[in-house]
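Quick notes on the structure that follows.
FYI, it's all coordinate maths here, none of it is from the lab. All figures in this text were calculated on a predicted structure; none of them were measured in a lab. All Cβ positions, glycine included, derive from the backbone under ideal geometry; neighbour counts span all protein chains shown.
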């Protein structure tokens with residue numbers, strides 16, 4: 001079984017991404033679908049923007065432990081994407097698709113900055129922060145506290161692949 005590692009840091013750790021608590025997604029959807037301002041529009045819904053490094057530091061602060069990070073430089077990620085692309089072209093199996101997908105996702109999420117509010121704005125998306133400034137969300141700090149206390153359902157920790 002192959003498991004997606006949770007201690008990987010792409011680039012230097014200072015790239016940002018947007019995060020949203022799983023429990024807030026439905027609340028955003030309910031607001032968005034009844035809001036006439038969003039009719040035929042795309043909405044970029046998010047709670048906070050964090051760097052990878054800040055996420056690791058948050059967990060270390062709350063847990064009192066040091067998280068061993070597996071650093072993947074940008075060049076290594078790009079080389080991995082090229083290698084996975086060639087493998088998928090030669091053998092378009094599910095395994096090769098997932099291996100390519102995971103690396104492309106890491107690149108767009110942590111290196112290119114596709115998952116940021118300013119990218120959404122550039123692409124014409126409305127921002128949830130502008131539409132619903134009073135929305136009470138679950139922040140990453142609160143999620144991390146609940147997860148460390150065993151009260152939250154961790155995301156993707158049980159996802160495995162049969163290859």
Report task. Just subtract the alpha-carbon distance of residue 98 and residue 68 from 0.36 nm times their residue separation and send over the number in nm, one decimal. Result -> 8.3 nm
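Assuming 0.36 nm per residue, please report the length gained on full extension of the stretch residue 60 to residue 87 beyond their Cα-Cα distance.
6.0 nm
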Query raised in the report: If you take the square roots of the eigenvalues of the alpha-carbon gyration tensor of the stretch 98-147 and sort them as a ≥ b ≥ c, do you get rounded (a/c under 1.5), prolate (a/b over b/c) or oblate?
Result: oblate
Query - Cα gyration tensor, the chain - rounded (a/c under 1.5), prolate or oblate - result: oblate
Report summary line: Residue separation between residue 75 and residue 112 times 0.36 nm, minus their alpha-carbon distance, gives in nm 12.0 nm
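For a test of the definition: using alpha carbon positions, the gyration tensor, and the 1.5 limit on a/c, classify the stretch 77-128 as rounded, prolate or oblate. Mind dumping the intermediate values first?
Values: a/c = 3.61, a/b = 2.57, b/c = 1.41.
Prolate shape, in that a/c is at least 1.5 and a/b is the bigger ratio.
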Query - Zone residues, the stretch 129-148, relative to residue 34, backbone N less than 15 Å from point 7 Å out along Cα-to-Cβ - result: 132, 135-136
Requested in this report: Could you check what % of the DSSP bridge pairs in the chain are antiparallel, to the nearest 5?
Outcome: 55 percent
Report summary line: Rounded to the nearest 10, the angle in degrees between the Cα long axis of helix 52-63 and the longest principal axis of the Cα atoms of the chain comes to 80 degrees
**Report entry** Rounded tilt (10° steps) of 74-90 against the dominant C-alpha axis of the chain
**Finding:** 70 degrees
